[in-house]
Amino acid sequence: MRDFFMLIGTASATLVGLMFVAVSITASYMTEELRPGLSVFLSPTIFHLAAILVICLMVLLPANPATASALVLAAGVLGFAFALRVLLGVERFYHDPEMGIDREDRTFYGFAPVLSQFAIVIAAVLLLFRLPAGAWTLVAALMALLLVCIHNAWDITVWAVIRSPNR
């Protein structure tokens, strides 16, 4: 299982780096009027990718399992609270006809991260009680969150390329 956490942590770190490259390339036309959208779509994607990396590092710490589980629980609660806040922003955009947010955006930027982060909290609680399902729940939650982030990173990149003034 250690190799899994090393692999998924590395994947999330790589995607964070690629997101910085994508933002750097498109920075010339990221205006102040795009700031609300960036705070609801781009920043949370970076946050969730970083959360995956941090949780993987916590699991790999040479600490006792109770300490690692408590750290994962703290990270999960923080991630869940952040995801809920983002969901509120997505919902605000979804109900604003000028924003053009569709159900796919609502699902992948709003609901899916909330569910994944909640699953991380559940996994951490299971790990605290040393239940075998905890590790597998954490694996499933991190995989789900990573897949959501891959979708969102691709979606943001395509959105930026389509709106590029050089097109």
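The values are calculated or read from the model by the stated rules, or taken from the named source; none is laboratory data. In this text the structure is predicted, and so the values were computed from the model without any measurement. Cβ coordinates were reconstructed from backbone atoms using ideal geometry, including for glycine residues, and neighbour counts include every protein chain displayed.
Annotations for the structure displayed:
- All positions within the range 122-135 that are part of a helix (DSSP H, G or I) and either buried (at least 20 other Cβ atoms within 10 Å of the Cβ) or not β-branched (V, I, T) (or both): A123, A124, L126, L127, L128, A133, G134, A135
- In the range 104-120, the residues that are touching a Phe, Trp or Tyr at 6+ places or on another chain (Cβ under 8 Å) and surrounded by fewer than 21 Cβ atoms within 10 Å (Cβ to Cβ): D105, R106, V114, F118
- Summed over the range 1-49, the residues that are under 17 Å from G110 (Cα atoms) and of a type in the set (A, V, I, L, M, F, W, C) give a count of 7.
- Check on S12, part of a helix (DSSP H, G or I), modelled with pLDDT of 90 or more, closer than 19 Å to V86 by Cβ and of a type in the set (G, A, S): yes
- Only one entry of I101, I52 meets the criterion of being among the aliphatic types (A, V, I, L, M), within 18 Å of H151 (Cα to Cα) and at pLDDT 95 or above, and that entry is I52.
- From E104, E98, E91, residue being over 19 Å from the mean Cα position of the chain (by Cα) and of a type in the set (D, E, K, R): E98
- Among residues of the range 31-60, those that are in contact (Cβ under 8 Å) with a residue 60 or more places away in the chain and out of contact with any helix residue (DSSP H, G or I) (no Cβ under 7 Å at 6 or more places or on another chain), counted: 1
- Filter result for the condition that a residue is out of contact with any Cys (no Cβ under 7 Å at 6 or more places or on another chain), closer than 25 Å to T10 by Cβ, in contact (Cβ under 8 Å) with a residue 24 or more places away in the chain and small (G, A, S), over A124, A140: A124
- Among residues of the range 16-29 that are under 11 Å from L42 (Cα atoms) and modelled with pLDDT under 80, none has a beta-carbon under 8 Å from a residue that is of a type in the set (K, R) and in a helix (DSSP H, G or I) at least six positions away or on a different chain.
- Residue, surrounded by the fewest Cβ atoms within 10 Å (Cβ to Cβ), within the range 22-74, restricted to residues that are closer than 20 Å to V86 by Cβ and aromatic (F, W, Y): F47
- Failed item, numbered, when L87 is tested on (1) free of Cβ contacts under 8 Å to residues at least 40 places away in the same chain; (2) touching a Pro at 6+ places or on another chain (Cβ under 9 Å); (3) of a type outside the set (V, I, T); (4) more than 20 Å from R35 (Cβ to Cβ): (4)
- Of the criteria (1) of a type outside the set (D, E, K, R); (2) in a helix (DSSP H, G or I); (3) free of Cβ contacts under 8 Å to residues at least 40 places away in the same chain, which one P97 fails: (2)
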